[in-house]
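J.: Mind having a look at this structure? Questions to follow.
Computed from the coordinates by the stated procedures, all read-outs in this text should not be read as laboratory data. This structure is a prediction, so every number in the text was calculated from the model and none was measured. Note that each Cβ is placed from the backbone with ideal geometry, even for glycine, and that neighbours are counted across all protein chains shown.
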Amino acid sequence: MKFTSRPTAVVIGLTLAAAALAGCSEEASGGGGGGSEAGACAPEDVTLVGQVRNESNPYEASWLDGGDAFAEQVGLSQQRLTYDGDSTKQQEQITQLLAGDTDCLVMNILPNGDSDTLPIVEGAQEAGAYLVTQWNKPADVDVTDYSQWLSHITYDGVDSGQQIGDALAEAIGGSGGIIALQGILDTGAAKDRFAGLEASLEANPDVELLDQQTANFSRDEALAVTKTLLTKHGDDIKGIWAANDDMALGALAALEQAGRDDVAVVGIDAVPDALTAIEDGTMTATVSSDGPWQGGIGLAIGYCVATGELAADDISDEDRAWFAEQFLITGDNVADFASPAVDEADFECGNLFSRSQGAIS
Amino acid sequence: MTSPAQADTEDVIAPRPQPRRGVSLRDAGPPIALVVIIGIFAVLSSDFRTVGNVQNIMDAAAVLAVATCGISFVLMMGSIDLSVPGVMGASAIAVALLVANNRNGNDLGLLGVLVAILLGAALGCLSGVALVGLKVPSFMTTLGVSAVGLGVATLMFAGVQPNISDEMLRGWAVNRFLGLAYLTWIAMACVLVGWLVQRYSRLGRYAYAIGGAEEVLALSGVKVAPYKVAVFTLAGSFYALAGVMVTSQLSAGLVQAGAGYDFRAITAAVVGGTLLTGGRGGVLHSAVGVLLVTVLINGLVQVGVSPYWQGGVQGLIVVAAVSAAVIPQRRRNQVTK
């Protein structure tokens, strides 16, 4: 037989290779599927997987580091996955994971958006993998409907928005004009955090919201928007409320370029640069969700259930979907947060839900 | 004395449309739109018509102007370039790591800026080589190069934000000359250089010709491929400079430094009258487009349009501006399509 062209040969070769590879993975997945008898796993058989958007984001990188710290604590290692904020890529990675050995698989996942959560949950349920999700979940999906979806952890954005709002009001002496930089307007985080600011403004009637604009959570856009607002409102601006630290840092750059050092700036997320700015005194406050703890706790919940130290049925409904504690960081306590570290005691099976601030209503 | 006048009259009644008249009409659209929009905002908002705000608009336009300068050459050629976010990200991080910073002991100063721009040029060159060598459409090659650039940036980023302490680079964003930040003067210099290249160099004139009628150029014995690679390389250097400017403004190297600049630059170029089909427009058109887009964003904030409305309103005005700009060349569009 004679090939008519080289491309044909290449195509056939690739097809054969693909078929061979497919055969291999087929075999590997033969043992998996449907193993939901809790507690059947020896500790050394547990596979730990942490998945976030990307490691170029300091917060998400610290999340994976926290996962590594927990894995080391129990003598295992964590598989670090990133999907570049691409929903399709996230689903592909999950599908690949679930096609492998899923009996003792523990996944701590940051879904890209609300709509990405359900396919992941249903995949894990079918494959019998233990799943903890954080931040994003459609409001109408109930964790207790699924046996393998152990817990969903998130943070009360209203609370964090209000905390920094209050800190800002205090920093400007309880009265004066502020501007607000909102996040991506159609995200729950942006909406909740801004609602928190509005609540804070009600409690501080002498603080006036001069203007509010969106900078889409971006440092670069916040720079441009803040510069514009500084020319518009000038010296009336005493404080800047930003829905995340990246925008707060952009606002700080704008203030520096405008030669203003009399404006208080607050943000949320506690990224390293913001902590440095708070240490230097250029920024007033931020709120930390404790990324390393988030990276560890999801794996810890899954690990405790997989090894049988905690029965899935014993997790109360209130601990299936809950708000975790967050911390206001100001100049007074910034030193405690400067080097993110995890506390081993937080990940002990009897201690997993100690940071709960209540169930998500 | 009478014969030139007669010649003119003959030209006017000649059956073929007179080229000069076409040029002036075609080019007038975007500047008129710019003046109209500035006029409307100036009437509506007293905050808009201040000297401080004019400075602000010029400063805010700087980065986009440099990126758009680069993309204009590619668009003139009839290609498209989506590599802006990747190239800007890579150069933003590279320069942050090469000048004085908190991550390593480098302190290369201006040389660091130069290296970052060379990195951008190399990435641009890669786009061009893939385009002419592998005959992959520019849409795909540049998208791939953008991913490569972001990958390089992420590798260099390595989990810790590089913050710059280099006084020169930080000074570009803070220090002012005649009321405008140094960065704004750099952007204006770029537009001038871009215009000179486009107008007087063989590279610029061939870019036009490639966009207008590549086959004709090839048939007349010109080797097109090297010029295409050169155009992408030139564009890459402009994006890299834009990335350096973002780093200067934020005092930090960000992987996401160029996020969104691809479509913002293409929008600005098209609003300014550069055709996506190639062969029309250029650096000065794009500069007008950049001002149009920047004035629009600034004006909507100054006038006090709710942020929930701004995205939609911006889009509508851009579409209106583009349609207004292309009305004079509608007939020409019908001929080319």
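J.: Could you work out, residue by residue across A:179-191, how many beta carbons of other chains sit within 10 Å of that residue's beta carbon, and then give the average as an integer?
T.: Mean shielding by partner chains, rounded to a whole number: 1.
J.: While we're on this one: Quickly estimate the mean residue ellipticity at 222 nm for chain B, helices only: each DSSP H run with n ≥ 4 gives -39500 (n - 2.57), and the total goes over all residues, rounded to 500.
T.: Here the helix-only value at 222 nm equals -25500 deg cm²/dmol.
J.: Is the shape of the protein assembly as shown rounded, prolate or oblate, going by the alpha carbon gyration tensor and its root eigenvalues a ≥ b ≥ c, with a/c under 1.5 for rounded and a/b larger than b/c for prolate?
T.: Oblate is the answer for the protein assembly as shown, as a/c is 1.5 or above yet b/c matches or exceeds a/b.
J.: Give me the percent relative contact order of region A:157-288, please, defined on Cα pairs under 8 angstrom at least 6 residues apart.
T.: Relative contact order of region A:157-288: 28 percent.
J.: Still on this structure, please answer the following. How are the Cα pair distances of region B:239-284 distributed, in percent, across 5 Å bins from 0?
T.: Pairs per bin, as whole percents: 5, 20, 23, 17, 15, 11, 7, 1.
J.: Further question on the same structure: When a/c is below 1.5 the answer is rounded, else prolate if a/b is larger than b/c, else oblate, so apply that to region A:132-262 with a ≥ b ≥ c taken from the square roots of the Cα gyration tensor eigenvalues.
T.: Taking the square roots of the gyration eigenvalues as a ≥ b ≥ c, region A:132-262 is prolate.
J.: Over all directions, average the projected area of the Cα convex hull of region B:183-337 and note it in nm².
T.: Approximately 11.2 nm², given one-decimal rounding.
J.: What does DSSP give for the protein assembly as shown in terms of the percent of beta bridges that are antiparallel, rounded to the nearest 5?
T.: 20 percent
J.: Pick out which of B:169, B:178, B:291 has the largest mean-square fluctuation in a Gaussian network model of chain B, springs linking Cα atoms closer than 10 Å.
T.: Of the options given, B:178 has the highest mean-square fluctuation.
J.: While we're looking at this one, here's another question. Per residue of region B:303-317, in order, report the coupling 6.51 cos²θ - 1.76 cosθ + 1.60 (Karplus, θ = phi - 60°) as ³J(HN,Hα) in whole Hz, putting x for Gly and Pro.
T.: Values per residue, Gly and Pro as x: 5, x, 5, 4, x, 5, 9, 4, x, x, 4, 3, x, 4, 5 Hz.
J.: Can you compute the helix-only [θ] at 222 nm over chain A? Use -39500 (n - 2.57) per DSSP H run of at least 4 residues, normalise by all residues, nearest 500 deg cm²/dmol.
T.: Computed ellipticity for chain A at 222 nm equals -14000 deg cm²/dmol.
J.: How much net charge surrounds residue B:138 when only other residues with a Cβ under 10 Å from its Cβ are counted (Lys, Arg +1; Asp, Glu -1)?
T.: Result for the neighbourhood of residue B:138: 0.
J.: Can you sort B:305, B:63 so the residue with the fewest Cβ neighbours within 10 Å comes first?
T.: Lowest count first: B:305, B:63.
J.: Can you pull the percent of Cα pairs in chain A with separation above 28 Å?
T.: 49 percent
J.: What percent of all Cα-Cα pairs in region B:272-318 falls into each 5 Å bin, going from 0 up to the bin containing the maximum distance?
T.: 5, 20, 23, 18, 14, 10, 7, 2
J.: Once a ≥ b ≥ c are taken as the square roots of the eigenvalues of the Cα gyration tensor of region B:79-213, is the result rounded (a/c under 1.5), prolate (a/b larger than b/c) or oblate (a/b not larger than b/c)?
T.: oblate
J.: Equivalent ellipsoid semi-axes for region B:34-336, as square roots of 5 times the alpha carbon gyration tensor eigenvalues: give them largest first, rounded to whole Å.
T.: For region B:34-336, the semi-axes come out at 29, 28, 16 Å.
J.: Now for a different question. Per-residue counts of other Cβ atoms within 10 Å, averaged by peptide: what ranking do you get for B:170-176, B:154-160, highest first?
T.: So the order, starting with the most tightly packed, is B:170-176, B:154-160.
J.: Neighbouring Cβ atoms within 10 Å as the yardstick, rank A:135, B:185 fewest first.
T.: B:185, A:135
J.: Give the Debye-formula value of log10 I(q)/I(0) at each listed q (0.16, 0.18, 0.28, 0.32 Å⁻¹), with one equal scatterer per alpha carbon of region A:273-315, two decimals each.
T.: -0.57, -0.62, -0.92, -0.99
J.: Rank A:106, A:305, A:334 by mean-square fluctuation in a GNM of chain A with C-alpha springs under 10 angstrom and give only the top-ranked residue.
T.: A:334
J.: Can you list the residues, at least 5 places off or on another chain, whose amide H is less than 5 Å from the amide H of residue B:166, using H built in the peptide plane?
T.: B:100
J.: Taking θ as phi - 60°, what are the ³J(HN,Hα) couplings along region B:273-283 by the Karplus curve (6.51, -1.76, 1.60), each to the nearest whole Hz, with x for Gly and Pro?
T.: For region B:273-283, the Karplus-derived couplings read x, 7, 7, 5, 7, x, x, 9, x, x, 5 Hz, x marking Gly and Pro.
J.: Same structure again: Remind me, relative contact order of region B:34-336 in percent, using alpha carbon pairs under 8 angstrom and six or more residues apart?
T.: 33 percent
J.: Separate question: From other protein chains only, count the Cβ atoms within 10 Å of every residue's Cβ in B:259-266, then give the mean.
T.: Mean shielding by partner chains, rounded to a whole number: 1.
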